[in-house]
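Each remark here refers to the structure printed beneath this line.
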Amino acid sequence: MNLLLENIAKHVSLTSQEQERVLSFTEPLQFKAKTILLKSGEVCTHSYFVTKGIIRSYNMDENGVEHVVSFACPGWWIADMYSFLSQRPGQLYIEVNEDAEVLAISKENQEKMYSEVPKLERFFRIIIENSLVASQQRLIDNMSFTAEARYDKFLKKFNDLAHCIPQKQIASYIGVTPEFFSKMKARLLKK
């Protein structure tokens, strides 16, 4: 079965006709590593369901330092949700880390999909609720946990991908400098 349909089936049950209709609203795309899908200041017109590869979102501060917000691997969604939902310019960059294949859904098609396959509203509500809970937990972790504990949680969440993600990006995701991250990893290896 299609990875997107498997993902949807975890939360809602679709008939074969509904499955076909859902897929008709998506656009399969392929991107090479380092492709920028969205720049800060642009309006996010699509959300992406990753079927292959790794994509990340990040913000860049006034000093040009990247702050990784999220990684998306196969079976995960990625978008600048503020921009996608409001259709206003966003603050995130979305970049392909590793050659990727995605199913893109435009804001317009998502709205049509809600009308034609109402079960998808429930599905996306569940996805957005889960994302909100994960974001809240990450914020609490960043305020409460040590860098080592945040790295441990990262490894549990992205264990299969940790070796594919540059160390600099992992450091950014857990909120430390690359230099601190190198020293921390060296300490952990000695334990």
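The values are calculated or read from the model by the stated rules, or taken from the named source; none is laboratory data. Quantities reported herein were computed from a predicted structural model and do not represent experimental measurements. When we count neighbours, we look across all protein chains shown, and the Cβ atoms used for this are built from the backbone with ideal geometry, even at glycine.
Any residue at all in the stretch 169-178 that is part of a helix (DSSP H, G or I), among the hydroxyl-bearing types (Ser, Thr, Tyr), in contact with a strand residue (DSSP E or B) (Cβ under 6 Å, 6 or more places away or on another chain) and surrounded by 13 or more Cβ atoms within 10 Å (Cβ to Cβ)?
Yes; the residues of the stretch 169-178 include at least one that is part of a helix (DSSP H, G or I), among the hydroxyl-bearing types (Ser, Thr, Tyr), in contact with a strand residue (DSSP E or B) (Cβ under 6 Å, 6 or more places away or on another chain) and surrounded by 13 or more Cβ atoms within 10 Å (Cβ to Cβ).
Please indicate, with yes or no, whether at least one residue in the stretch 182-191 is part of a helix (DSSP H, G or I), at pLDDT below 95 and either within 18 Å of residue 69 (Cβ to Cβ) or within 18 Å of the chain's Cα centre (by Cα) (or both).
Within the stretch 182-191, not a single residue is part of a helix (DSSP H, G or I), at pLDDT below 95 and either within 18 Å of residue 69 (Cβ to Cβ) or within 18 Å of the chain's Cα centre (by Cα) (or both).
Within the stretch 121-137, does at least one residue satisfy the condition of being of a type outside the set (A, V, I, L, M, F, W, C) and either at positive phi or outside any helix (DSSP H, G or I) (or both)?
No - not one qualifying residue is present in the stretch 121-137.
When the stretch 100-117 is examined, which residues are found to be part of a strand (DSSP E or B) and out of contact with any Phe, Trp or Tyr (no Cβ under 7 Å at 6 or more places or on another chain)? Write out each step before concluding.
From the stretch 100-117, those part of a strand (DSSP E or B) are 100-106; that's our starting set.
The answer is 101, 106.
Only one of these conditions is not met by residue 179: (1) more than 28 Å from residue 52 (Cβ to Cβ); (2) touching a residue at least 12 places away in the same chain (Cβ under 8 Å); (3) of a type in the set (Asp, Glu). Which number is it?
Of everything listed in (1) more than 28 Å from residue 52 (Cβ to Cβ); (2) touching a residue at least 12 places away in the same chain (Cβ under 8 Å); (3) of a type in the set (Asp, Glu), residue 179 misses just condition (2).
Among the residues of the stretch 6-27, write down those that are loosely packed, with under 15 Cβ neighbours inside 10 Å and either of a type in the set (Val, Ile, Thr) or in a helix (DSSP H, G or I) (or both).
6, 9, 15, 16, 17, 20, 23, 24
Only residues that are under 20 Å from residue 6 (Cβ atoms) and in a loop (DSSP other than H, G, I, E, B): list them for the stretch 31-78, please.
Selection gives 73, 74, 75, 76.
(1) surrounded by fewer than 18 Cβ atoms within 10 Å (Cβ to Cβ); (2) in a helix (DSSP H, G or I); (3) in contact with a Phe, Trp or Tyr (Cβ under 9 Å, 6 or more places away or on another chain): which one isn't true of residue 156, the others all being true?
Result: residue 156 passes all but (3).
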